[in-house]
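Heads up, the thing below is written out as structure tokens.
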Amino acid sequence: DFRRALSLFAVHAAFDATAAARSGPLLAPSATSMPSTQDFLLRTAEPRDFAAMCELLSQLTVLDGPCGPPTRGDWERMLAGAAAREQSIVVAEDAHSGALLGTASLIVEHKLVRGCGRVGHVEDVVTHEKARGRGVGRALLGRLAELAREAGCYKVILDCADKNAAFYEKSGYRRAELQMRLDLGPPQRGARPPAPAPSKRVLSLLSASTEIVCRLGCAHLLVGRSHGCDDPPLATALPVVTAPRVDPNAPSLQLDEAVRAQAAAGGPIYQIRSELVRSLRPDVIITQEQCRICAVTPEDVDAACVALPSTALVTIMPVTLDDVLGDVVTIAAALGAPERGRRLVAHMRARLGAIAPLVPAGAPAPRVAHLEWLPPPP
């Protein structure tokens with residue numbers, strides 16, 4: 001749909017892994033690139049990755065310590081609070097087997113210097129010993145560099161052993177300064193900060209809003225989705241609360257006739273599973289009011305979810321690209337992350353602004369027709 005096409009971005013954000021102490025030179029990137037990832041995909045870590053993450057990180061450092069080995073509860077608490085702490089963890093997943101091939105994490109530090117700038121810290125970079133040589137490490141570093149740019153970081157730094165410096169230099173990092181370390185003794189599990197307060201529970205009934213929520217680094221807030229929300233892939237694991245009352249795969253003419261008949265009967269085009277929605281207990285429901293044919297409308301939600309009086313309904317209706325960017329800000333505010341929305345919009349505007357200089361001065365503007373519904377003709 002129009003809003004989904006214009007949102008432009010699939011998301012990634014979310015979690016951190018505890019940094020293992022390593023000595024060596026401090027490196028900073030001078031340039032980054034994304035290698036081909038045709039045989040694996042990059043995504044954010046999920047609760048189901050616990051065992052595979054432990055196996056990966058055990059190839060990097062020792063997991064067990066005075067507090068014992070990490071538990072699934074430790075992992076889930078880390079994921080639940082990471083977005084609020086601006087920490088992200090990315091994994092590489094084999095496109096065929098689904099096995100995790102590598103991981104790396106990014107921590108964003110806010111500073112007072114350089115106009116209250118931000119610095120990205122790369123931690124826990126590891127490629128599975130059986131997957132080395134496939135470009136996994138470079139792809140992970142490239143993804144973290146993208147996340148750091150989007151977070152407004154003016155540099156990214158990491159520390160590594162001397163033997164690994166050549167690998168990072170191939171990804172554009174350079175030697176810079178020297179790491180110093182002060183050991184403060186073994187960690188105490190009881191001294192860990194308490195688990196963060198419960199976050200808002202978000203139900204997205206529009207594919208574009210699902211992508212926007214994820215792009216804001218708030219994928220962990222999603223508790224359900226519409227039948228059309230299939231990107232990013234992690235969203236497909238969420239409960240589906242809507243279904244079309246017509247066959248969306250029918251030829252255009254048959255689909256048009258079915259939609260017209262449904263509309264003439266006065267019934268909604270989409271079915272909402274009301275009991276499932278109530279069981280998910282959403283604090284925020286996101287939908288649209290631009291087109292009752294394209295997706296669930298506010299009226300559909302009102303009719304099906306009358307038992308949710310305390311739920312905030314966020315409705316978007318973009319007509320222009322500026323409207324789409326405004327909807328990003330609106331959704332971010334509803335999620336309690338207004339600053340993330342402003343930063344993401346600034347990043348999107350910067351990317352759009354970079355296109356204009358590429359068009360030769362005086363070049364004729366093409367006339368474009370976009371047809372998404374063929375027969376019957378208008």
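The values are calculated or read from the model by the stated rules, or taken from the named source; none is laboratory data. Quick caveat: nothing in here was measured; it's all calculated off a predicted structure. Every residue, glycine as well, gets a Cβ built from its backbone with ideal geometry; the counts of neighbours run over all protein chains shown. Note: accessible area is taken over every heavy atom of the protein model, side chains too, but ligands, DNA and RNA are not part of it. Shrake-Rupley method; radii C 1.70, N 1.55, O 1.52, S 1.80 Å.
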Could you grab the pairs with beta carbons closer than 6 Å, sequence gap of 6+ or different chains, first residue in region 262-289 and of a type in the set (D, E, K, R), second one surrounded by 13 or more Cβ atoms within 10 Å (Cβ to Cβ) and at pLDDT below 85?
Glu289/Thr297; Glu289/Pro298
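Of the residues that make up region 244-254, is at least one closer than 23 Å to Arg278 by Cα and within 15 Å of the chain's Cα centre (by Cα)? Show your work before the answer.
Filtering region 244-254 down to residues closer than 23 Å to Arg278 by Cα leaves 244-245.
Filter again for within 15 Å of the chain's Cα centre (by Cα), leaving none.
No, because not a single residue in region 244-254 is closer than 23 Å to Arg278 by Cα and within 15 Å of the chain's Cα centre (by Cα).
Checking the conditions here, which among Arg245, Arg215 is touching a Phe, Trp or Tyr at 6+ places or on another chain (Cβ under 8 Å) and open to solvent by 40 Å² or more (accessible area, probe 1.4 Å)?
On the way: Arg215 fails: open to solvent by 40 Å² or more (accessible area, probe 1.4 Å).
That would be Arg245, the only listed residue that is touching a Phe, Trp or Tyr at 6+ places or on another chain (Cβ under 8 Å) and open to solvent by 40 Å² or more (accessible area, probe 1.4 Å).
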Sort out for me the helices (runs of 4 or more DSSP H) sitting completely within region 260-378 that have 2 or more residues that are modelled with pLDDT of 85 or more and surrounded by 11 or more Cβ atoms within 10 Å (Cβ to Cβ).
274-280, 321-334, 338-353
Residues of region 230-242 classified as at pLDDT 90 or above and either β-branched (Val, Ile, Thr) or surrounded by 24 or more Cβ atoms within 10 Å (Cβ to Cβ) (or both), total:
3
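Go over the candidates Ala312, Ala332 one by one and state the one that is more than 15 Å from Thr287 (Cβ to Cβ) and of a type in the set (Gly, Ala, Ser). Talk me through it step by step, then tell me what you get.
Details: Ala312 fails: more than 15 Å from Thr287 (Cβ to Cβ).
Ala332 is the lone residue from the list that is more than 15 Å from Thr287 (Cβ to Cβ) and of a type in the set (Gly, Ala, Ser).
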Pairs only if they're at least six apart or on different chains, beta carbon under 9 angstrom, first in region 147-174 and closer than 20 Å to Glu339 by Cα and open to solvent by less than 30 Å² (accessible area, probe 1.4 Å), second in a helix (DSSP H, G or I) and β-branched (Val, Ile, Thr); list them, first residue then second.
none
Hey, can you tell me all the residues within region 100-112 that are under 20 Å from the mean Cα position of the chain (by Cα) and either open to solvent by 10 Å² or more (accessible area, probe 1.4 Å) or not small (Gly, Ala, Ser) (or both)?
Leu100, Leu101, Thr103, Leu106, Ile107, Val108, Glu109
Of the conditions (1) closer than 18 Å to Ala166 by Cβ; (2) surrounded by fewer than 19 Cβ atoms within 10 Å (Cβ to Cβ); (3) not acidic (Asp, Glu), Gly115 fails just one. Which one is it?
(1)
Determine which single condition Glu257 fails, assuming it passes every other condition in (1) open to solvent by less than 60 Å² (accessible area, probe 1.4 Å); (2) assigned to a helix (DSSP H, G or I); (3) modelled with pLDDT of 85 or more.
(1)
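Quick grid of which residues meet (1) open to solvent by 60 Å² or more (accessible area, probe 1.4 Å); (2) at pLDDT 85 or above; (3) in contact with a strand residue (DSSP E or B) (Cβ under 9 Å, 6 or more places away or on another chain); (4) within 15 Å of His128 (Cα to Cα):
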residue	(1), (2), (3), (4)
Leu27	no, no, yes, no
Thr37	no, no, yes, no
Glu46	no, yes, yes, no
Cys54	no, yes, no, yes
Pro66	yes, no, no, no
Gly73	no, no, no, no
Gly81	no, no, yes, no
Ser88	no, yes, yes, no
Ala92	no, yes, yes, yes
Please indicate, with yes or no, whether at least one residue in region 114-137 is in contact (Cβ under 8 Å) with a residue 24 or more places away in the chain, within 16 Å of the chain's Cα centre (by Cα) and closer than 22 Å to Leu234 by Cα.
no
Every residue from region 227-250 that is over 23 Å from Ala80 (Cα atoms) and not β-branched (Val, Ile, Thr):
His227, Gly228, Ala243, Pro244, Arg245, Asp247, Pro248, Asn249, Ala250
Could you tell me whether any residue of region 310-331 is touching a residue at least 40 places away in the same chain (Cβ under 8 Å) and over 20 Å from Leu206 (Cα atoms)?
no
Would you mind telling me which numbered condition in (1) open to solvent by 40 Å² or more (accessible area, probe 1.4 Å); (2) touching a Leu at 6+ places or on another chain (Cβ under 9 Å); (3) part of a loop (DSSP other than H, G, I, E, B) Ala131 fails?
(1)
